[in-house]
Amino acid sequence: MDLEAAHEGGPGGAGPDGHGPDGTGPDGPGPVGYELDGMGPGGTGPDDVLARVHREEHSRLLATLVRRFGDLDLAEDAASEAMEAALRTWPERGVPDRPLAWLTTAATRTALDRVRRDATAARRLAVLHVQEGSPVAPSAESGALAGQGLGDGEDLPDERLAMLMGCCHPAIAPADRIALMLRFVGSLTTAEAAQALLLPVPTLQARITRAKKRIAGAGIPLTVPADPEERARRMPLVLRAISLVFTEGYAATSGDTPIRRELTAEAIRLARIVERLSDGAAEPAGLLALLLLTDARSPARTGPADVPIPLEDQDRSLWDRDLIAEGLALVERAAAAPDAGRYAVQAAIAALHAEAPRFEETDWAQIVVLYDLLLARGEDPVVRMNRAIAVGREHRPEEGLALLEQLAEEPELRSHSPFHAALALFHEETGQHGRTVEHWARALELGGSEGERRFLEQRLESARARA
């Protein structure tokens with residue numbers, strides 16, 4: 001048994017507060033010691049279709065409404081009412097051929113009705129139309145792409161990139177921007193977004209409420225800025241939001257399925273768009289590489305009943321070699337760029353795992369060096385945790401355990417399931433079975449999805465038998 005995500009440089013990316021996108025901090029793509037994968041085929045009944053549309057397209061619906069009406073609260077309410085209307089009518093009339101189009105039409109009608117009844121909203125919408133130049137303006141990011149030679153039909157983005165950029169407006173408080181992006185572009189619940197940021201739910205909710213009030217009060221446009229320099233200033237938060245969305249999909253913190261493919265696919269799609277808009281900058285390339293190299297392992301990540309398979313036990317012949325090849329090329333380019341940063345370093349860690357033909361051939365010494373580079377860019381207890389794990393693999397479990405125990409009082413780690421899983425594994429390998437049970441129990445108490453919990457239950461049962 002070994003430690004999967006926390007030490008291999010998964011979709012991390014420290015933002016301004018130093019945390020990565022996944023619950024393991026700026027480096028690992030999921031909980032320590034296992035990987036999660038698999039989403040079963042969805043149902044075809046009205047409820048199943050609506051649930052799937054909500055999971056996969058709610059953020060697109062919301063972004064379309066925000067673009068049209070310039071009001072996040074109005075868009076939220078209209079989207080919610082459209083979903084409720086579908087729940088009432090689809091079971092009787094059948095699922096429409098184009099569910100998202102049906103929902104968009106219903107939500108637009110609801111929003112227009114409210115605008116007609118609200119003089120203030122009508123004036124705000126009129127101003128928005130004047131600013132955009134037409135009642136249904138082309139998206140700003142489409143224009144930006146067209147200016148770079150990405151013509152019609154060539155993977156043009158939808159309105160969600162505009163929402164991401166708009167949520168990073170400098171008038172919105174820095175602490176509030178990422179919360180807003182995760183909630184309304186990433187389609188994470190408040191609890192999921194809080195988990196991704198290692199924050200209490202009330203704190204996360206307060207940030208979202210504050211940001212929405214600021215947007216409404218100041219009339220902040222949720223669009224892609226036309227100025228390339230302003231786009232570049234907002235890019236770090238955009239990248240971080242994308243990485244956080246990927247991580248919630250790759251290692252779901254709740255629910256029946258350990259992976260949410262609609263989130264991982266959306267994050268990769270947005271990462272590709274941003275990378276194409278970035279004029280060869282290192283960090284967008286590094287993030288895309290990180291996501292591709294992480295996603296490449298998906299076919300080998302779970303066994304029966306969605307129980308995660310440890311990295312050293314995975315069938316590496318199932319890893320997606322096309323994604324790995326694409327990711328490695330991006331890593332090489334990002335690492336050679338003068339502006340290489342945290343994403344480029346994390347992608348390099350992921351590349352070392354992808355290149356190892358067998359787990360035993362992993363270059364742990366180089367991984368430790370790369371974690372040192374991350375720490376040189378900013379202190380973070382979760383990076384220290386990941387480095388400790390790598391040291392334990394490079395040398396002896398006792399050395400990794402000693403470093404982990406030095407972090408036991410860090411507030412971020414005390415309630416962090418992967419930290420306790422790492423402690424359990426190293427205690428197990430050093431023969432301290434009582435402590436092993438203690439930390440597997442704590443990891444289970446803090447665990448997330450059903451598949452993850454089944455894994456932790458199995459480990460705890462085995463530890464108790466040995467103790």
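Please turn the phi angles of region 205-219 into ³J(HN,Hα) values with the Karplus equation 6.51 cos²θ - 1.76 cosθ + 1.60 (θ = phi - 60°), one per residue in order, whole Hz, x for glycine and proline.
5, 5, 5, 5, 4, 4, 5, 4, 5, 5, 4, 5, x, 9, x
Farthest toward the dipole's positive end in region 346-414, which of N386, Q406, A351, given Cβ charges of +1 (Lys, Arg) and -1 (Asp, Glu) about the Cα centre?
Ranked along the dipole, the leading option is A351.
Evaluate E = 1/(1 + (r/R0)^6) for T105 and E398, where r is the Cβ-Cβ distance and R0 equals 60 Å; express this FRET efficiency to the nearest 0.05.
So, using R0 = 60 Å, E works out to roughly 0.40.
Carbon and sulfur together cover what percent of the accessible area of region 321-362 at a 1.4 Å probe radius?
Carbon and sulfur atoms account for 56 percent of the accessible area of region 321-362.
Which whole-Hz couplings ³J(HN,Hα) result when phi for each residue of region 429-442 is put into the Karplus expression 6.51 cos²θ - 1.76 cosθ + 1.60, θ = phi - 60°, listed in order with x for Gly and Pro?
Each residue's phi maps through the Karplus curve to give 6, 9, x, 9, 5, x, 5, 4, 4, 4, 7, 5, 5, 5 Hz.
Please work out the C-alpha center-to-center distance from region 257-316 to region 51-108 and express it in whole Å.
28
Say R0 is 45 Å: what FRET efficiency, to the nearest 0.05, do E355 and A467 get from their beta-carbon distance?
0.75
So what J values fall out for region 245-251 if you push phi through Karplus, 6.51 cos²θ - 1.76 cosθ + 1.60 with θ = phi - 60°, rounded to Hz, Gly and Pro as x?
Result, rounded to whole Hz: 4, 4, 5, 5, x, 6, 9.
With the other protein chains left in place, how much accessible area per residue, in square angstrom, belongs to region 361-423 at a 1.4 angstrom probe?
41
Rounded to the nearest whole Å², what accessible area per residue is found for region 209-334 with the 1.4 Å probe?
Accessible surface, normalised per residue, equals 37 Å².
For R98 and H433, calculate 0.36 nm times their separation in residues minus their Cα-Cα distance, and state this gained length in nm to one decimal.
115.0 nm
Loop-only check: which GluC sites (Glu not before Pro) in region 390-424 are DSSP coil with at most 16 other Cβ within 10 angstrom?
Counting only loop positions with at most 16 other Cβ atoms within 10 Å, the GluC sites (Glu not before Pro) in region 390-424 are E409.
Just how far, in whole angstrom, is region 212-245 from region 179-211 if you go by their alpha carbon centroids?
Cα centroid of region 179-211 versus Cα centroid of region 212-245: 16 Å apart.
The values are calculated or read from the model by the stated rules, or taken from the named source; none is laboratory data. Bear in mind that the values here come from a model prediction, so they are computed numbers and not experimental data. Note: ideal-geometry Cβ built from the backbone for every residue, glycine included; neighbour counts use all protein chains shown. Ligands, DNA and RNA are excluded from the accessible area calculation, which covers all protein heavy atoms including side chains. Shrake-Rupley method; radii C 1.70, N 1.55, O 1.52, S 1.80 Å.
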